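Visitor: Have a look at this one before I ask anything.
Any read-out appearing in this document is the output of simple, stated calculations on the displayed coordinates, not a laboratory observation. Source: prediction; values computed, not measured. When we count neighbours, we look across all protein chains shown, and the Cβ atoms used for this are built from the backbone with ideal geometry, even at glycine.
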Amino acid sequence: MATNNEIEFKQLLTQSQYQSIYTTYFQDIETFKQINYYIDTPHFDLKAHHSALRIRVKDNAYEMTLKIPAEVGLMEYNFDTQVVPELNKSITKQMLPTEIIEQLNKMDFDIAQLVILGALTTERLEKEINGNLLVLDKSYYLDVEDFELEFEVDDYDEGLIQFNNILEKFNLKHEIPDNKVQRFFNRKSNLFDN
């Protein structure tokens with residue numbers, strides 16, 4: 001298991017902004033693909049707790065991650081898993097690591113209701129800048145394609161200054177977007193309502 005206090009800044013981009021940032025920072029970087037399978041109850045109990053559970057498939061390996069709010073950023077609980085994700089697959093308690101069960105139990109909902117509700121595929125580019133990680137994503141989910149810049153940092157204040165400096169190069173003003181899982185579930189909810 002690995003725990004990680006994730007501090008990152010995000011910015012949604014247009015396709016042309018994505019292309020400009022790609023040209024400036026990532027032309028010599030190889031893209032890799034990952035698929036996030038999002039897990040929640042049919043009533044979105046995890047989302048209601050501002051938390052997210054996923055299985056990420058990358059390089060034929062599976063990792064289960066629970067993200068919950070922390071004082072600054074999010075606390076991540078990461079575990080290798082043998083659970084092969086499939087849409088609409090129920091996730092039983094036996095499939096979950098003990099540490100994740102302990103965190104879910106604090107949220108007071110029926111863990112037996114967990115199911116894989118959907119998948120989001122990301123083409124990702126990463127580059128280290130000033131000891132932090134700059135990430136450029138193109139994601140596909142539920143008939144949507146979106147573009148996002150992320151900056152993963154260790155120090156919130158210094159990281160925010162650096163991120164804003166990067167954005168200024170492209171005449172962008174920092175606007176905090178919903179994260180990928182929120183965007184996914186918002187889209188799923190909109191499709192379900194229509």
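Visitor: Mind listing the Cα extents of the range 110-194 along all three principal axes, in Å, largest one first?
Guide: Result for the range 110-194: principal-axis Cα extents of 42, 29, 21 Å.
Visitor: I would also like to ask the following. Taking the mean number of other Cβ atoms within 10 Å as a proxy for protection, how do you rank 114-121, 22-29 from highest to lowest?
Guide: 114-121, 22-29
Visitor: Could you point to the label whose value was computed as semi-axes √(5λ) of the Cα gyration tensor in Å for the structure here, given [x] 34, 18, 16; [y] 25, 21, 17; [z] 29, 19, 16?
Guide: Recomputing semi-axes √(5λ) of the Cα gyration tensor in Å here picks out [z].
Visitor: Next up: Quick one: grab the alpha carbon gyration tensor of the range 88-153, order the square roots of its eigenvalues as a ≥ b ≥ c, and give me rounded if a/c is under 1.5, else prolate or oblate depending on whether a/b is larger than b/c.
Guide: Working: a/c = 3.37, a/b = 1.66, b/c = 2.03.
Taking the square roots of the gyration eigenvalues as a ≥ b ≥ c, the range 88-153 is oblate.
Visitor: Which lysines does residue 67 reach when only Cα atoms under 19 Å apart count, and residues fewer than 8 places away in its own chain are ignored?
Guide: 10, 47, 58, 93, 106, 180
Visitor: In the chain, if the dipole is taken from +1 on Lys/Arg beta carbons and -1 on Asp/Glu beta carbons about the Cα centre, which of 153, 117, 82 is farthest to the positive end?
Guide: Of the candidates, 117 comes out farthest on the positive side.
Visitor: So, one more: How do 57, 84 rank when sorted from fewest to most other Cβ atoms within 10 Å of their own Cβ?
Guide: Starting with the residue having the fewest Cβ neighbours, the order is 84, 57.
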